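Inspection log for the structure reproduced underneath, given as structure tokens.
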Amino acid sequence: MHYNYDGTPYNCFKLWSDSRFSLNDIYSKNEILQLVNNKNNFTKCSSCWAKYLCELCVVDTFLAKEDFPFLKNVCEREKRFDYALEKILEKVVTGEINKIRDNFINYI
């Protein structure tokens, strides 16, 4: 929860200038954001194997800083997840999984 200068609650500080996204209280949710944020509301997302890995800033889509990646029933994010999974599986098959493990350990 974020509050603008006059104390009005918003789901995100990026929305302070847009009254469509102001909330009545800290327990309310903006219906527009909830609709878009729920991946089960979109055919492409609901059937995607990576929907729980995928992160999309809903606010940035409304502010035109990022496109909805799934509106044309094609998702570039899904392609990236497929590619990453393919590369991981290649390392497993070739016995190079230790490289991935080491990289992961160093990352976290």
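Miscellaneous remarks
- Computing volume of the Cα convex hull per residue in Å³ directly from the structure and comparing it against (i) 204; (ii) 140; (iii) 91 singles out (ii).
- Residues whose amide H comes within less than 5 Å of that of Phe42, counting only those at least five positions distant or on another chain, are absent (H built at 1.01 Å from N in the peptide plane).
- For the stretch 43-101, the equivalent ellipsoid built from the Cα gyration tensor has semi-axes of 29, 13, 9 Å, listed from largest to smallest.
- Fully extending the segment from Ile105 to Cys57 would add 14.6 nm, taking 0.36 nm per residue of separation and subtracting the current Cα-Cα distance.
- Of the solvent-accessible surface of the chain, computed with a 1.4 Å probe and all protein chains present, 54% belongs to carbon and sulfur.
- Accessible surface area normalised per residue over the chain is 76 Å², counting heavy atoms of protein chains with a 1.4 Å rolling probe.
- Annotation: lysines with alpha-carbon distance below 25 angstrom to Lys14 (same-chain offsets under eight excluded): Lys29, Lys39, Lys51, Lys65.
- Extension gain for Glu76 to Ile88 (0.36 nm times residue separation, less C-alpha to C-alpha distance): 2.5 nm.
- Compared with the dominant Cα axis of the chain, that is its longest principal axis, helix 76-93 is turned about 30°.
The values are calculated or read from the model by the stated rules, or taken from the named source; none is laboratory data. Predicted model only: the values in this text are computed from it and were never measured. Note: areas computed on protein heavy atoms with side chains; ligands, DNA, RNA excluded. Shrake-Rupley method; radii C 1.70, N 1.55, O 1.52, S 1.80 Å.
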